[in-house]
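Heads up, the thing below is written out as structure tokens.
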Amino acid sequence: MDLLDDPTPGQNMPEYSVSELSGEVKRTLEGTFGRIRVRGEVGRVFKARSGHLYYDVKDDRSVLACTTWKGQISGLSVVPEEGLEVVVTGRLTAFGAQSKYNMNVDEVAVAGQGALMALLEKRKKQLEAEGLFASERKKPLPYLPQIIGVVTSPSGAVIRDILHRLRDRFPRKVLIWPVAVQGANCAPEVARAIDGFNQLTPGGSLPRPDLLIVARGGGSVEDLWGFNEEVVARAAAASDIPLISAVGHETDTTLIDYVSDRRAPTPTAAAELAVPVRLELAAWIEEQGARLSRATTDGVQRRSQRLRDLSRALPRAETLLDTPRQRLDQAAERLPNALIRGVQNRRVKLLDASAHLRPSTLRALVEGRRDRCHNLSSRLSLRPIQRELTVRKDQLTRLTERMNTTQTARLDRLRQQIEATDRLRETLSYKATLKRGYAVVRGDGQVVTTKAQAEQHSALEIEFADGVLSTGASATNDVKPTPKPASKKAKPTPPNQGSLF
């Protein structure tokens with residue numbers, strides 16, 4: 001410290017200026033205490049426009065003003081909130097412009113798990129009151145998502161477990177958004193990742209996922225605290241993409257579990273919730289196909305049986321015509337007599353009418369009709385009639401020519417069909433077989449095909465291609481065919497072998 005050059009006479013105590021005194025106090029505080037840790041409850045919290053954070057740490061008797069500069073906030077593991085019991089670490093300093101001292105804090109830790117749970121319960125009640133935990137706002141998970149977005153650390157075992165489980169169950173395309181899963185950067189990075197996935201364009205070069213998984217392995221309450229931050233919970237609640245939270249183990253619970261659409265006890269379980277088992281799905285499809293086939297077959301069989309039952313109840317077709325056939329027969333029997341009676345009745349009426357007619361009356365009637373015909377003929381013009389007759393005559397001539405042509409063609413076609421049928425008949429006739437050296441043996445007009453049948457007949461007829469030869473008793477009555485003239489070179493007569501019959 002610097003003393004004034006001219007102390008007041010008679011005074012041994014030195015004099016200080018205000019700035020000197022403030023600087024001395026500041027050096028004394030910083031030199032005496034150095035870096036210290038203070039435990040207390042967070043009171044008023046104020047964040048200035050410059051980004052600096054001002055808050056109080058108090059107990060039941062005193063209040064300590066604390067300051068965290070803008071550049072130090074990102075290094076805090078816990079952001080001070082009013083009512084939270086914390087342990088702050090930093091250096092004491094003095095602010096001489098207002099004769100105040102405060103503590104520059106660069107590290108904040110929650111004072112015990114009980115305080116963390118109290119803070120968690122407070123945030124939980126606040127978000128629940130806003131309706132973020134309501135079941136009706138939770139979205140259903142897609143049955144088979146095409147693309148799955150995973151928000152987790154890229155270097156941990158969590159992502160390997162998720163990818164391995166997806167590959168075993170049903171391989172899908174996976175987009176990974178790397179984030180810090182603990183520490184001060186955890187909450188803002190996770191919130192930005194969820195919002196970033198929602199900002200992607202469906203079907204774009206980097207397609208938007210159909211399902212999100214926020215995953216982290218197990219850890220202490222402090223390690224998982226980033227997923228209890230309000231910013232993460234609100235980002236999960238605002239996500240348009242269905243979200244599965246898989247933070248910690250089954251016993252760990254964070255705020256993101258309450259606002260997510262589905263909670264998985266482990267990251268591996270999240271992958272199991274995301275996709276079905278492909279083999280089970282294929283087996284189910286095959287089973288449904290078999291059920292469909294059985295149901296179709298049973299339905300056809302039931303309808304066939306029903307049709308057969310109904311057909312048995314219907315009358316036969318021929319019985320439906322019995323009654324009309326009887327009525328027709330009865331009408332046919334009555335028709336000749338009715339015609340005769342009708343003709344007789346009309347003849348009688350004609351005779352009665354002719355008896356009343358006189359020649360003079362007939363002559364007068366004929367003359368009247370003749371005059372009327374003359375009048376009508378004089379009024380008629382014959383030219384239109386003649387033209388009409390000419391047109392009709394031409395039409396009749398053309399129709400006659402067409403009819404003759406059609407009839408001639410039809411007769412030719414029928415003649416050709418008859419000739420073809422006759423040729424077929426000649427081809428299939430047994431006489432064509434006779435020309436190849438075969439014969440037909442008959443006895444008493446019946447064809448004989450075996451020796452036993454031939455022995456039963458006393459006379460036989462053998463038909464060749466050029467005639468019929470009779471043997472036995474009827475041989476004298478048959479006309480023998482004219483023998484062909486002998487050839488120039490006569491063959492030697494074979495020895496008599498006797499009759500085969």
Residue in the range 229-239 that is of a type outside the set (Lys, Arg), touching a Lys or Arg at 6+ places or on another chain (Cβ under 7 Å) and assigned to a loop (DSSP other than H, G, I, E, B) present: no
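Please find, within the range 120-168, the residue that is modelled with the lowest pLDDT out of those that are part of a loop (DSSP other than H, G, I, E, B) and more than 34 Å from the chain's Cα centre (by Cα). Steps first, please.
First, the residues of the range 120-168 that are part of a loop (DSSP other than H, G, I, E, B): 130-134, 138-146, 153-156.
Checking the rest, the ones that are also more than 34 Å from the chain's Cα centre (by Cα) come to 130-133, 153-156.
On the way: Glu130: 90, Gly131: 90, Leu132: 89, Phe133: 89, Ser153: 91, Pro154: 89, Ser155: 86, Gly156: 82.
Out of the qualifying residues, it is Gly156.
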Answer from Lys138, Lys122 - the residue that is out of contact with any Leu (no Cβ under 8 Å at 6 or more places or on another chain), farther than 16 Å from Leu211 by Cβ, basic (Lys, Arg) and outside the structural domain of Thr266 (by TED's automatic domain parsing): Lys122
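Okay, residues lined up against (1) outside the structural domain of Ala193 (by TED's automatic domain parsing); (2) among the small types (Gly, Ala, Ser); (3) in contact with a helix residue (DSSP H, G or I) (Cβ under 9 Å, 6 or more places away or on another chain):
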{"position": "Ala235", "(1), (2), (3)": "no, yes, yes"}
{"position": "Asp240", "(1), (2), (3)": "no, no, yes"}
{"position": "Ala246", "(1), (2), (3)": "no, yes, yes"}
{"position": "Asp257", "(1), (2), (3)": "no, no, yes"}
{"position": "Arg262", "(1), (2), (3)": "no, no, yes"}
{"position": "Thr266", "(1), (2), (3)": "no, no, yes"}
{"position": "Ala270", "(1), (2), (3)": "no, yes, yes"}
{"position": "Ala274", "(1), (2), (3)": "no, yes, yes"}
{"position": "Ala290", "(1), (2), (3)": "yes, yes, no"}
Where Gly217 falls short, out of the listed (1) surrounded by fewer than 19 Cβ atoms within 10 Å (Cβ to Cβ); (2) out of contact with any Leu (no Cβ under 8 Å at 6 or more places or on another chain): (1)
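Taking Lys26, is it at pLDDT below 85, surrounded by 11 or more Cβ atoms within 10 Å (Cβ to Cβ) and of a type in the set (Lys, Arg)? Please lay out each step first, then the result.
Numbers: at pLDDT below 85: yes; surrounded by 11 or more Cβ atoms within 10 Å (Cβ to Cβ): yes; of a type in the set (Lys, Arg): yes.
Yes; evaluated as a whole, the condition is true for this residue.
Could you count how many residues in the range 64-104 are within 57 Å of the chain's Cα centre (by Cα) and either under 19 Å from Glu41 (Cβ atoms) or assigned to a loop (DSSP other than H, G, I, E, B) (or both)?
10
Look through Val63, Val110 and report the one residue that is of a type in the set (Val, Ile, Thr) and at pLDDT 80 or above.
On the way: Val110 fails: at pLDDT 80 or above.
Unique residue meeting the criteria: Val63.
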Flag for Gly196 being touching a Pro at 6+ places or on another chain (Cβ under 8 Å) and among the small types (Gly, Ala, Ser): no
Some residue of the range 126-135 being outside the structural domain of Ala238 (by TED's automatic domain parsing), out of contact with any helix residue (DSSP H, G or I) (no Cβ under 7 Å at 6 or more places or on another chain) and of a type in the set (Ser, Thr, Tyr): yes
Residue among Pro265, Pro276 that is under 30 Å from Gln182 (Cα atoms) and assigned to a loop (DSSP other than H, G, I, E, B): Pro265
Single unsatisfied condition, Asp309 versus (1) surrounded by 10 or more Cβ atoms within 10 Å (Cβ to Cβ); (2) in a helix (DSSP H, G or I): (1)
Residue count for the range 113-125, restricted to those that are in contact (Cβ under 8 Å) with a residue 24 or more places away in the chain and either over 20 Å from Gly248 (Cβ atoms) or of a type in the set (Lys, Arg) (or both): 3
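The values are calculated or read from the model by the stated rules, or taken from the named source; none is laboratory data. What you are looking at is a predicted structure, and each value in this text was computed from that prediction instead of being measured. No Cβ is skipped: glycine too gets one built from the backbone with ideal geometry, and neighbour counts run over all protein chains shown.
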